Amino acid sequence: QTLEEIRRKTDMEKLRCNVERLRSFHNIHLHLDLIAGLPYEDYESFGKSFDRVYGMRPEQLQLGFLKVLKGSYMEEKAEDYGLVYGSMPPYEVLYTDWLSYEQVLKLKRIEEMVEIYYNSNQFTHTLPFLEQKFESPFQMYEALAQFYEENGYFVSSPSRSYRYQVLLDFATKTDAERRELYTEALTFDMYLRENMKTRPDFAKDLAEHKERSKTFYEQEEEQRVYLPSYVGFDRKQLAKMTHLEPFYYEVWKTPAHKNLLVDEKEPTYILFDYKERNPLTFEARWIVL
């Protein structure tokens, strides 16, 4: 009804199939947009629209707000829709007959959560686990925004590195039984993006794995099985330029399964290679040893 009212003829199933096809090529950075404040769309139906688009898994999900431009069809129909908007540029919607001002503000906070945790591509393996605890992705971001509000993070925004800890705190509050799983998923996501020199408080102590790591890099210096492009570098240099991390959960297996415990005593080691990165997401190449 909304699409018809704004004179947009869109076949949503065809759109979904086309997006799925484009994603299958793994060489196109996809952005999908949603606009809040359109006629006949209330808070609940917008949440359903969000879940539909989120399910297409674009690299960027941009949640925007209606701009009522001078001379546009929306301006002509503003009175009919109870559409109230700012009198100065960018003439953004404040509320409508279907969406209250308070709900617009709520969607603004959800938009920020999507920007920080989804569009950043920093939490690609953690979020699918967290989504399992909610009826829908929209409800997850809604709850995360509420968590930010309660802890004052909208006023004092956490640093990029501390956002991992904030998400772990939220996950622990939501799903305390799987805290270890979230800890490992966040560690995986963290090293997937960058070779952290200072480990966060939640990451495991690597002291007991020191000898295993030393042996690996000694062997790699001799044989170059996993890092053939690092010619001329010794084992100490290899250890600094890459990262070896033990995992007890197969957190790299997403879409996420409920139980991914490998072995409580014998971990699987993942090697992160920062010389080779995914051109779309900038994630490091990773290898299961």
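The values are calculated or read from the model by the stated rules, or taken from the named source; none is laboratory data. All figures in this text were calculated on a predicted structure; none of them were measured in a lab. Don't worry about glycine lacking a Cβ; one is built from the backbone with ideal geometry, like all the others, and counts go over all protein chains shown. SASA here: full protein model, heavy atoms, side chains in, ligands and nucleic acids out. Shrake-Rupley method; radii C 1.70, N 1.55, O 1.52, S 1.80 Å.
Structure values in brief
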item	result
Of Leu206, Leu144, Leu167, the one that fluctuates the most in a GNM where the chain has Cα springs shorter than 10 Å	Leu206
Shape of the stretch 118-183, Cα gyration tensor, a/c cut at 1.5	rounded
Degrees between helix 43-54 axis and first principal axis of the chain (Cα, 0 to 90, nearest 10)	40 degrees
Positive minus negative residues near His31 (Lys, Arg vs Asp, Glu; Cβ under 13 Å)	-1
Answer label, with Rg and Dmax of the Cα atoms in Å calculated from the coordinates and candidates [x] 20.7, 69; [y] 19.9, 60; [z] 22.7, 75	[z]
Cα centre as origin, Lys/Arg/Asp/Glu Cβ charges: the chain dipole, Debye	880 debye
In Å², nearest 10: area of Ser161 left accessible to a 1.4 Å probe	70 Å²
Positive-end residue, the chain charge dipole about Cα centroid, Cβ charges, pick of Ala78, Leu238, Thr174	Leu238
Residue-normalised accessible area of the chain, expressed per residue, 1.4 Å probe, Å²	55 Å²
Listed residues Arg212, Arg16 arranged by accessible area, highest first, probe 1.4 Å	Arg212, Arg16
Burial order of peptide ranges 53-59, 137-143, 114-120, 171-177 (average beta-carbon count within 10 Å, highest first)	137-143, 114-120, 53-59, 171-177
Net charge of neighbours whose Cβ lies under 13 Å from the Cβ of Gln103, counting Lys and Arg as +1 and Asp and Glu as -1	-4
Members of Lys197/Lys275; Lys133/Lys173; Lys14/Lys106; Lys210/Lys236; Lys14/Lys133 lying beyond 19 Å, as alpha-carbon distances in this model show	Lys14/Lys106; Lys14/Lys133
Summed residue charge, Cβ within 14 Å of Arg52's Cβ, Lys/Arg positive, Asp/Glu negative	-3
Probe 1.4 Å - accessible area at Asp97, Å² to nearest ten	100 Å²
Only Lys, Arg (+1) and Asp, Glu (-1) charged, at Cβ; the stretch 165-259 dipole about Cα centre in debye	140 debye
